[in-house]
Amino acid sequence: MNASPGYFDVFKIPILHGRDFRDNDAAGAPGVVLINDSMKKKFWPKEDPVGQQIIIGKGVGPQFEEPRVRSSASS
């Protein structure tokens, strides 16, 4: 799925904490991730997920040999 700045506004999806995508969130820029409330509650039940990191795809297969660290988007 691709999303661009304003995506969440168009679909009336509220951002509870953090920020929307920006124009400079493009290929080559540091990776960012947006999570839903369920993921926040599961992995950071007593913490603010903004500023935390996750690794996407580690151990999933050859296309993920080099895991990509993503940081949650802050305002």
Residue list for region 8-34, restricted to those being touching a strand residue (DSSP E or B) at 6+ places or on another chain (Cβ under 7 Å) and hydrophobic (A, V, I, L, M, F, W, C): Val32, Val33
In region 25-60, which residues are on the phi < 0 side of the Ramachandran plot, modelled with pLDDT under 85 and assigned to a loop (DSSP other than H, G, I, E, B)? Asp25, Ala26, Ala27, Ala29, Pro30, Gly31, Leu34, Lys58, Val60
How many of the residues in region 16-46 are open to solvent by 70 Å² or more (accessible area, probe 1.4 Å) and in contact with a helix residue (DSSP H, G or I) (Cβ under 9 Å, 6 or more places away or on another chain)? 2
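The values are calculated or read from the model by the stated rules, or taken from the named source; none is laboratory data. The shown structure was predicted, so the numbers you read here are calculated from the model rather than taken from an experiment. Heads up, the Cβs are rebuilt from the backbone with ideal geometry, glycines too, and the neighbour counts pull from every protein chain shown. Side chains included, ligands, DNA and RNA excluded: accessible areas come from the protein's heavy atoms. Shrake-Rupley method; radii C 1.70, N 1.55, O 1.52, S 1.80 Å.
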